[in-house]
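To start, the structure itself, in structure tokens.
Every number in this text was worked out from the coordinates using simple rules, so none of it is lab data. Keep in mind that this is a model prediction, so the values were computed, not measured. Here Cβ is always computed from backbone atoms with ideal geometry, including for glycine, and neighbour counts include all displayed protein chains.
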Amino acid sequence: MGRTSKSEEHLPQVSEGDEKARGVLAQTDSAQMRTERVSNGDFKMIARRTFIQSLAVLPLASRTLAHGRELFDGSWTQASRQRELPWRMRLPSASGTVPLVIYSHGLGGSREGGQAWGAAWADAGIAVLPLQHPGSDEAAGRQGGVGLRQAATADQFVERLLDVRFAIDELQRRRLSGEPPWSRIAVDSIGVAGHSFGALTTQAIAGQKYPGVEGLSDPRPKAFVALSPALPVGVKMDFAQAFADVGRPFFALTGSRDFSPTQGSASAQRAGVYDALPKGQRALLWLDGATHQTFGGNRVSQMRQDGSDPSNENHSLDRHSALIALATGAWWRWRLKGEDAARQMLESLDGLGRGDRLLIG
């Protein structure tokens, strides 16, 4: 099982003088890879793109899950960054091409993060590709609070954004070459989602701005889900200005107990992301009593983070998890598949409690 952080992200402080952000973001790598790691762990040196394409006939190792879903594990290497990017893909049983959501884990997490959401989205006919971000993944979590604080930097934030860009590059390249299982991915219907530090990653990819840094966003994803999002703090920019360029569908999910052990209560600040977003294509799900780890999608870590008697929390946790899965699944079906029935389902979401609220538009 993947390890999930016991601490939340520190908001990256990206300043005008951050040459790392400026320099790295100026790169336009587009899958000119020379080394590829296949799913059985063997390394094959790639001499020419034509040889890469010839490997498309080699099947990835997979296993079949409930409801006919397939699960693939592997990693890609971006030679220009000397960076290996582990991933896990859940492929729905539906025939034909399917949309795909890239999932970015929280600080100290792994490609096994967000399991509940990945399963729910696959059941909704959406492929899901959780990434594992080296430098802010479970290796940092094993070092405790010191390791997590060292991983919550502007440099690691930028690396995460480049990971998402690289993953989209690879999806497009492999889809174009007809390589299975990527040939089933509708690369014109990609979404991005994330929890905590992954939510910040999602916000930047969607178009959130930081002072003095250009080019953080990627125009290719069609819609976004941010679980435990956050407003920028410690930066000289109005919230509405920071989110002014987020013109694509954006769904923020948080709750009354969604706070960070390192930053104190931030639940209202998280919900403020909805208010800062341009009107029209935004949505907010606020769950009364939901904690930070409620939105992580890994039940064991949720209970451990809550620090409470699971017997007293199971009912609320089950209800919250079911609502998150139902709402986000409907969101993806609406925004990535164009299903009007899913829009209607979301607008009349069943199961909301007295203190919960859903805002759309």
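Could you tally the net charge around residue 339, taking each other residue with its Cβ under 15 Å from the Cβ of residue 339, Lys/Arg +1 and Asp/Glu -1?
Values: positive: 222, 333, 335, 337, 343; negative: 123, 340, 347.
The answer is +2.
Quick one: if you take sqrt(5λ) for each eigenvalue of the C-alpha gyration tensor of the stretch 63-360, what semi-axes come out, biggest first, whole angstrom?
Largest first, the stretch 63-360 gives 25, 23, 20 Å.
Quick one: putting +1 on the C-beta of Lys and Arg, -1 on the C-beta of Asp and Glu, what dipole do you get for the stretch 63-360 around its Cα centre, in Debye to the nearest 20?
That gives a dipole near 360 debye.
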